[in-house]
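The values are calculated or read from the model by the stated rules, or taken from the named source; none is laboratory data. Treat the numbers as computed from the prediction; the structure is a model and nothing was measured. Because the Cβ atoms are built from the backbone with ideal geometry, glycine has one as well, and the counts that use them run over all protein chains shown.
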Amino acid sequence: MAAARRPGAYPRHDPLSSRNRLMAANTELRIKLQDSEDRFRNLIEGSIQGILIHRNWNPLFVNRAYAAILGYESPEELIALGSVENHIAPYERERRRRYMEARMCGEPAPTQYEFDAVRKHGTIVTLQNVVSVVKWDGERVIQSTIIDVTERRRAEEGLRWSEQRFRDFADTAADWFWELDADLRLSYLSERYHEITGNSAQNLLGLTHTEWFETICPDEKACKVHIEQLVRDKQFQNLDLEIIGADGDLRMHTISGKPVFDQNGSFQGYRGTGRDVTGSHRMSRQLAHQASHDSLTGLVNRREFEQRLSRVLDAARSDNGKHALCYLDLDQFKVVNDTCGHTAGDQLLQQVSDLLRTQVRSRDTLARLGGDEFGVTIEHCSLEQAERLSENLRKAISEFRFIWHGASFHYCGR
């Protein structure tokens with residue numbers, strides 16, 4: 001028969017039993033902790049990303065992926081090098097140490113960045129580093145998750161180089177660049193456009209192609225030609241356009257552009273270039289003028305006169321228009337040349353040319369054909385009008401007096 005327990009009495013405490021239970025619990029906790037650490041180690045050891053754990057640059061753990069990234073056959077070979085700084089390119093070490101010290105002190109530091117590392121045989125690789133502070137054997141350590149981004153970096157640098165090379169070539173091939181969107185509104189103007197024209201690119205963005213050209217080009221006819229080109233959705237090259245420059249003067253630019261289509265063939269706008277060709281344009285006009293005009297008097301020369309006369313004759317055959325041809329030379333021109341010299345003769349021809357200019361219409365062609373001989377084509381006039389103009393020319397010359405060093409010369413035109 002069991003003994004009755006007194007009220008308020010408790011069972012006797014068994015110290016051995018409590019100790020066994022505590023030891024069992026600790027053992028179970030150690031097993032779980034070890035199991036957790038094993039799973040963690042297996043996870044980071046098997047990671048395809050490089051894993052490095054260190055304390056004050058002393059490596060505590062390196063997985064095979066990180067060792068392979070740096071060209072080592074095993075983690076042990078890499079750890080045997082000692083300080084983690086031995087893996088880092090010399091020019092990167094100060095920055096990496098600065099980051100580590102700030103992080104261990106709880107101060108702000110980048111958690112993701114790229115740096116250059118040194119492989120086993122001395123070559124440089126670019127690594128992306130994702131950093132975190134973890135506990136290792138109860139102490140704070142730094143864990144780095146590493147990815148080799150060398151190829152990406154090379155591709156980026158190659159792209160930057162390619163882009164810079166394109167910009168360099170483009171800068172030598174054009175002064176400014178422009179783009180229109182699918183609605184033919186100005187969507188881009190390069191910075192040099194403002195330098196060249198004095199017009200702010202930002203103020204022009206959003207304008208239609210018509211509004212843009214009307215803003216920069218005072219020649220309505222030229223603007224119309226360019227506008228017609230753009231609405232055709234076709235490529236065009238070297239169209240001349242006079243643009244008001246930064247100094248307020250008109251400057252000649254040549255514009256080229258090509259339509260842009262997406263992969264489905266839908267029109268997306270235009271992309272093109274502009275180049276200031278004022279200098280070459282002026283030179284071209286000057287050469288053309290020299291080829292068609294007499295250098296002494298500035299009048300049309302014989303070659304140009306004959307070409308214009310041929311066009312007048314062709315027009316007369318097709319439209320039965322009335323035109324007139326007048327030849328004129330100076331009496332006693334040789335006297336001035338022989339008595340006063342060629343300088344005086346040149347001066348005489350220049351003064352006579354200026355005089356004749358005042359007697360002909362702007363639509364007519366006055367030319368020096370050679371020596372003291374002049375020619376005039378009088379277009380779209382009756383015979384009576386032509387006779388009257390010819391008489392005015394003869395009379396003007398007959399009333400003309402040429403003065404040279406006190407000597408006066410009187411001439412008759414015939």
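Looking at ARG388, ARG401, ARG394, ARG357 in this structure, which one is under 52 Å from the mean Cα position of the chain (by Cα) and not hydrophobic (A, V, I, L, M, F, W, C)? Step by step, each of ARG388, ARG401, ARG394, ARG357 is checked, and only ARG357 is under 52 Å from the mean Cα position of the chain (by Cα) and not hydrophobic (A, V, I, L, M, F, W, C). Of everything listed in (1) out of contact with any strand residue (DSSP E or B) (no Cβ under 7 Å at 6 or more places or on another chain); (2) farther than 28 Å from MET283 by Cα, the single unmet condition for ILE227 is (2).
In region 193-209, the qualifying residues are those that are surrounded by fewer than 16 Cβ atoms within 10 Å (Cβ to Cβ) and of a type outside the set (Asp, Glu), and the one that is farthest from the chain's Cα centre (by Cα) is THR208.
Being within 53 Å of the chain's Cα centre (by Cα), at pLDDT 85 or above and of a type in the set (Asp, Glu) is the requirement here; does GLU373 meet it? Break it down stepwise before answering.
Working: within 53 Å of the chain's Cα centre (by Cα): no; at pLDDT 85 or above: yes; of a type in the set (Asp, Glu): yes.
Considered against the rule, which asks whether it is within 53 Å of the chain's Cα centre (by Cα), at pLDDT 85 or above and of a type in the set (Asp, Glu), GLU373 comes out as no.
A search for C-beta distances below 7 Å between a residue of region 374-401 that is over 27 Å from ASP319 (Cα atoms) and any residue that is in a loop (DSSP other than H, G, I, E, B), counting only pairs 6+ apart in sequence or on different chains, returns ASN392/GLN359; LEU393/GLN359; ALA396/GLN359; ILE397/TYR411; ILE397/CYS412; SER398/CYS412; PHE400/TYR411. Of everything in region 66-103 that is hydrophobic (A, V, I, L, M, F, W, C) and in contact (Cβ under 8 Å) with a residue 40 or more places away in the chain, the residue that is farthest from VAL149 (Cα to Cα) is MET100.
A residue that is at pLDDT below 80, part of a helix (DSSP H, G or I) and assigned by TED's automatic domain parsing to the domain that holds VAL130 occurs nowhere in region 73-90.
Somewhere in region 218-225, is a residue touching a helix residue (DSSP H, G or I) at 6+ places or on another chain (Cβ under 6 Å) and at pLDDT below 80? Taking every residue of region 218-225 in turn, at least one turns out to be touching a helix residue (DSSP H, G or I) at 6+ places or on another chain (Cβ under 6 Å) and at pLDDT below 80. Restricting the first member to region 109-130 and to residues that are in contact (Cβ under 8 Å) with a residue 60 or more places away in the chain, and the second to residues that are surrounded by 14 or more Cβ atoms within 10 Å (Cβ to Cβ) and aromatic (Phe, Trp, Tyr), the beta-carbon pairs closer than 7 Å and six or more apart or on different chains are LEU127/PHE115.
In the list TRP178, TRP212, TRP161, which residue meets the criterion of being at pLDDT below 90, in contact with a Leu (Cβ under 8 Å, 6 or more places away or on another chain) and not in a strand (DSSP E or B)? Don't jump to the end; show me each part of the working.
Working: TRP178 fails: not in a strand (DSSP E or B); TRP161 fails: in contact with a Leu (Cβ under 8 Å, 6 or more places away or on another chain).
Checking each option against the conditions leaves just TRP212.
Any residue that is touching a strand residue (DSSP E or B) at 6+ places or on another chain (Cβ under 9 Å) and assigned to a helix (DSSP H, G or I) - is there at least one of those in region 370-383? Yes, region 370-383 contains at least one residue that is touching a strand residue (DSSP E or B) at 6+ places or on another chain (Cβ under 9 Å) and assigned to a helix (DSSP H, G or I). With respect to the conditions (1) surrounded by 13 or more Cβ atoms within 10 Å (Cβ to Cβ); (2) outside any helix (DSSP H, G or I), SER132 falls short on a single one, namely (1).
Each residue in region 369-402 was checked for being closer than 12 Å to LEU348 by Cβ and surrounded by 12 or more Cβ atoms within 10 Å (Cβ to Cβ), and 5 pass.
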